[in-house]
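Below: one structure, written as structure tokens.
What follows draws every value from the coordinates through simple rules; no lab data is involved. Just so we're clear, the structure is a prediction, and the values are computed from it rather than from any experiment. Note that we place each Cβ from the backbone using ideal geometry, even for glycine, and neighbour counts take in every protein chain shown.
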Amino acid sequence: MNWLLGNDWLGPLGDIGKIISGVVGAMAILKGVSEWWTNGPGRRRTWTKNFRLLGPSVRPAYVESLFGEPAFESKAQVDLRDYEEEFLLTERVWKLGEDGYLVTWSNDLKVCAYSITTRTKGFKPKIRIGAEWGSNGTAVHVTLGRTRLRDIGAGTDWTPEEIASWAGARRMEYYETYYAGNLGHYSSWACGVSQAGHNPGGAGAVGRLGPEGDFDAFLPWGERDSLTAEQKDSLDRFRATATVNSLMVIAPGTPRIHPTLPRSGPDSDVVRTLIKAPALFGKWKLRRNLKNLERGDQPRRFTRLRLNRGD
């Protein structure tokens, strides 16, 4: 019993306790980092990776296996110019947290078009468009929230096939399509500025430019000479400053979707019902911007304080 009264055994026990507490602390930190990664950069990376796994004409069930069940489902009108029978496509919308949206347009068997849209500064998926890997065709990378419209074909002879633009009382949209022929599997890519996306700016500020004026939102790129000098200048200035926030992949032979009010992302009037209220700081910035707008000022990211330096 003398060994119980001694303190020699307490030293090793204390060391073991320190080791256990260190391991528990490290596990807690690791769990916190893991949750941060899963709910933040890791989740965004997974969304981008899964989007790259999609392709024209895949089954709708394949999309659900990657992104789960959609939040919205409705019928979408299509342009029936080359079709004898009238039909509609099913539009499905997935909410990617607070960072963006995935949209598909499909019939019963296959996906005819799909798009991804960012609505935050932190979600900037980088998507390759154009010719397939290993070919000598034109291909570029488009980073949502960063790439400007005029920079998509910069340094190459790749120009848009068609532009779509319109502006309403509250909503506005713009996108331009690119086509790479056989090397691009005869698909098209619509790089756009979606009203539902991040920083839409002056999307649709150029209005409708089609040959039929106020009734046509589509203009072939080769017919820009038919525009007035004011329209050309407006279009050039818009493309020089507008940032792509939505990208749609269109399968071969797919007619124009939403021919009256074309868009590359979701309907902003629909998805806004799921937008969460901002945090305290976000509410303060929103109120500040609203006050600035009431005074006629433009919203700004930072408030500059004038310092009296005695001059």
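Applying a 10 Å radius around every beta-carbon, put 157-163, 220-226, 125-131 in order of their mean neighbour count, most first.
Result, highest mean first: 125-131, 157-163, 220-226.
For Ala240 and Ala61, compute 0.36 nm times the residue count separating them, minus their Cα-Cα distance, and round to one decimal in nm.
60.5 nm
For each pair in Lys126/Lys285; Lys75/Lys276; Lys95/Lys276; Lys49/Lys126; Lys49/Lys276, compute the distance between the two Cα atoms and list the pairs where it is over 19 Å. Can you show the working numbers first?
Working: Lys126/Lys285 29 Å; Lys75/Lys276 26 Å; Lys95/Lys276 12 Å; Lys49/Lys126 10 Å; Lys49/Lys276 25 Å.
Beyond 19 Å between Cα atoms: Lys126/Lys285; Lys75/Lys276; Lys49/Lys276.
Return the tail of the calculated pair distribution for segment 52-274, meaning the percent of Cα-Cα pairs more than 32 Å apart.
Values: 2989 of 24753 pairs.
Everything past 32 Å amounts to 12 percent.
Compare the peptides 109-117, 275-283, 143-151 by average per-residue count of other Cβ atoms within 10 angstrom and give them in order, highest first.
By packing density, highest mean first, the sequence is 109-117, 143-151, 275-283.
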